[in-house]
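The values are calculated or read from the model by the stated rules, or taken from the named source; none is laboratory data. Only a predicted model underlies this, so the values are computations on that prediction, with no experimental measurement involved. Please note that ligands, DNA and RNA were not included when accessible areas were found on the heavy atoms of the full protein model with its side chains. Shrake-Rupley method; radii C 1.70, N 1.55, O 1.52, S 1.80 Å.
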Amino acid sequence: MDNVFEHALQQFGGISVTGFLVMTLVMILIASGILIGISFGTGKNIGTINMFAILALIIYVNIILQMTILGRSSGSRIGIDLSIHRSQWSGGTDFSRLIRLYSVLNVLLFVPFGFLVSLFTVISGNRAWLQCVVVSLLSLVSSLLIECVQLVTGRGYFELDDLLCNTLGGFIGCLLAVILRKLYHTLCSKEN
């Protein structure tokens with residue numbers, strides 16, 4: 001089982017610490033410039049929570065880019081797989097364990113995306129379902145973009161399973177944000 005887990009993690013590519021830090025710094029500087037421009041233009045304060053969410057999203061996006069595209073060599077993985085590997089989930093072979101692990105890792109990969117994006121797409125009232133739909137669609141589009149870039153650059157396979165698992169992860173992340181927000185509001189209303 002250890003070999004299966006190591007093999008699965010190797011497929012996500014290597015992350016260059018120097019490249020990660022430089023790219024994160026550049027992305028933070030660009031985002032800061034945009035936010036300062038928006039703040040001066042509108043006269044509104046961005047807010048601490050929004051700044052934290054933006055910083056976390058920048059770091060997360062950079063990690064995703066390093067893992068799925070930049071940390072892999074061009075032409076190392078070429079192909080399209082439009083099958084759903086549900087039939088491979090059963091059984092105790094190393095291949096079926098690897099398929100299950102890939103699926104779980106792809107879901108977990110997009111949970112932070114769904115959570116962080118949901119901080120920017122707050123839909124008030126009893127329409128939290130609409131927020132989860134919007135975040136799920138954004139997860140699907142983002143995953144599709146990653147899969148297309150991987151296909152074009154040869155840095156990853158275009159896999160339907162990845163699209164489904166990433167979208168599910170985004171949905172779960174949004175659901176967690178909605179639940180935490182409701183708990184927070186419930187606790188705050190009890191204190192008052």
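Decide, for region 90-181, between rounded, prolate and oblate: order the square roots of the alpha carbon gyration tensor eigenvalues as a ≥ b ≥ c, take rounded if a/c falls under 1.5, and otherwise choose prolate if a/b is larger than b/c, else oblate. Oblate. Taking 0.36 nm per residue of separation and subtracting the current Cα-Cα distance, fully stretching the chain between residue 181 and residue 152 would add 6.5 nm.
With every protein chain in place and a 1.4 angstrom probe, the accessible-area ranking of 184, 60, 157, 102, largest first, reads 184, 157, 102, 60.
Using a 1.4 angstrom probe on the protein heavy atoms only, could you order 181, 72 from most to least accessible area? Mind showing how you got there, number by number?
Details: 181 55, 72 30 Å².
The most accessible residue leads, giving 181, 72.
Using 0.36 nm per residue of separation minus the Cα-Cα distance, give me the extension gain between residue 133 and residue 31 in nm, one decimal.
So the extension gain works out to 34.1 nm.
Annotation: amide H-H contacts under 5 Å for residue 155 (H modelled 1.01 Å from N, sequence separation of 5 or more, or interchain): 75, 77. Residues 161, 94, sorted by accessible area with the largest first, give 94, 161 [1.4 Å probe; ligands and nucleic acids excluded].
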